[in-house]
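The values are calculated or read from the model by the stated rules, or taken from the named source; none is laboratory data. Everything quoted here is computed from the prediction, not taken from an experiment. Here the Cβ positions follow ideal geometry from the backbone for every residue, glycine too, while neighbour counts run over all protein chains shown.
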Amino acid sequence: MGNPWRGDVSLTINGERHVMRLTLGALAELEAGLDSGSLVELVQRFEKGGFSTRDVLKLIVAGLRGGGWQGQGKDLLHAEIAGGPMAATRAAAELLARAFMLPEQADEGV
């Protein structure tokens, strides 16, 4: 299991457990690859439930790359994610929440 205080989120892809993390570099890569808007707008889309599957995939790829994965988004197009699309969506939302969590929120378990 990854370290939630560091922002780690685990996801099993094709039977292999991966630890994802939105590092500063991963966030910069994510923002550069967004089809529209900024990271703040991406967070707002997730908060309002107005995100796209493309948003989820880009977050998962950024998190994987922040965790050391060397793949590309196209590598996940036919991948089997344990728990399916809902697990991927939860993991993407959790990545965002943990990346922007203040230290005192982490201590409170928020």
task: For ALA91, indicate whether it is more than 17 Å from ALA28 (Cα to Cα), at pLDDT 95 or above and surrounded by 14 or more Cβ atoms within 10 Å (Cβ to Cβ).
output: yes
- prompt: Could we say that LEU64 is within 15 Å of the chain's Cα centre (by Cα) and surrounded by fewer than 17 Cβ atoms within 10 Å (Cβ to Cβ) here?
  reply: no
task: Count, please, the residues in region 71-87 that happen to be farther than 13 Å from ASN14 by Cβ and in contact with a helix residue (DSSP H, G or I) (Cβ under 6 Å, 6 or more places away or on another chain).
output: 1
